[in-house]
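For reference, the structure is listed below as structure tokens.
The values are calculated or read from the model by the stated rules, or taken from the named source; none is laboratory data. Please read all numbers here as calculations on a predicted model, not as lab measurements. Every residue, glycine as well, gets a Cβ built from its backbone with ideal geometry; the counts of neighbours run over all protein chains shown.
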Amino acid sequence: MMKKISFSTKLLVTPINKDQSSKSNIDFVVQQNRFHDGQDMMWDDAKNNPTLFPYGLFGFVHNNNHVDIHMITRISESNKRLDSWSSNVGQTDRNVLMLTPKLVTIDWDEWLRLGGPKKIQGSTRIVAAHKKISSHLKNLLKHIRYCEETGETFLKLFKN
């Protein structure tokens with residue numbers, strides 16, 4: 001079944017440290033490798049598991065550079081966490097969010113113009129700038145569809 005991307009939930013974002021030896025950067029590279037190996041990309045939900053439904057948006061924030069936007073396709077329980085995440089003390093009760101490949105990148109100047117925070121520290125919901133960012137993303141992603149059966153993301157083409 002093809003689904004339009006839903007913007008009913010707030011955008012969830014998580015920072016990726018530019019230091020290649022940092023845990024977030026290492027975990028991010030692992031997720032990119034999983035995608036290239038044909039596996040699902042995944043990440044922790046924010047504190048208190050605020051993501052209740054799939055098809056919302058998730059952003060990997062590279063502070064002062066850009067934000068990579070993905071769609072949440074499924075929400076799994078914390079027992080689906082990767083073994084390599086066991087050192088993330090205080091996060092073991094978080095749900096696991098399954099993600100599409102990157103749908104779009106927002107450059108940093110655009111992110112700030114849309115009201116995005118100047119610095120993200122820790123996984124969090126974007127609340128204050130949600131409406132403006134969601135409207136922008138809705139326009140950018142209006143032709144994207146997701147197939148639940150195959151897990152594929154498609155660009156829907158329209159005839160003029």
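Tabulated results
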read-out: So P54, is it surrounded by fewer than 16 Cβ atoms within 10 Å (Cβ to Cβ) and either part of a loop (DSSP other than H, G, I, E, B) or among the acidic types (D, E) (or both); value: no
read-out: Matching residues in the range 104-131 - criterion: being out of contact with any Phe, Trp or Tyr (no Cβ under 9 Å at 6 or more places or on another chain), closer than 18 Å to A46 by Cβ and either hydroxyl-bearing (S, T, Y) or exposed (fewer than 14 other Cβ atoms within 10 Å of the Cβ) (or both); value: K119, Q121, G122, T124, V127, A128
read-out: The range 73-103 - residue that is among the β-branched types (V, I, T) and at pLDDT 90 or above and, of those, surrounded by the fewest Cβ atoms within 10 Å (Cβ to Cβ); value: I75
read-out: Identity of the residue in the range 93-112, part of a helix (DSSP H, G or I) and in contact with a His (Cβ under 9 Å, 6 or more places away or on another chain), that ends up farthest from L140 (Cα to Cα); value: W108
read-out: Tally, over the range 65-92, of residues that are without any contact (Cβ under 8 Å) to a residue 24 or more places away in the chain, assigned to a loop (DSSP other than H, G, I, E, B) and out of contact with any Phe, Trp or Tyr (no Cβ under 9 Å at 6 or more places or on another chain); value: 3
read-out: Search result, residues across the range 6-30 that are touching a strand residue (DSSP E or B) at 6+ places or on another chain (Cβ under 8 Å), in a loop (DSSP other than H, G, I, E, B), at pLDDT 90 or above and not charged (D, E, K, R); value: I16
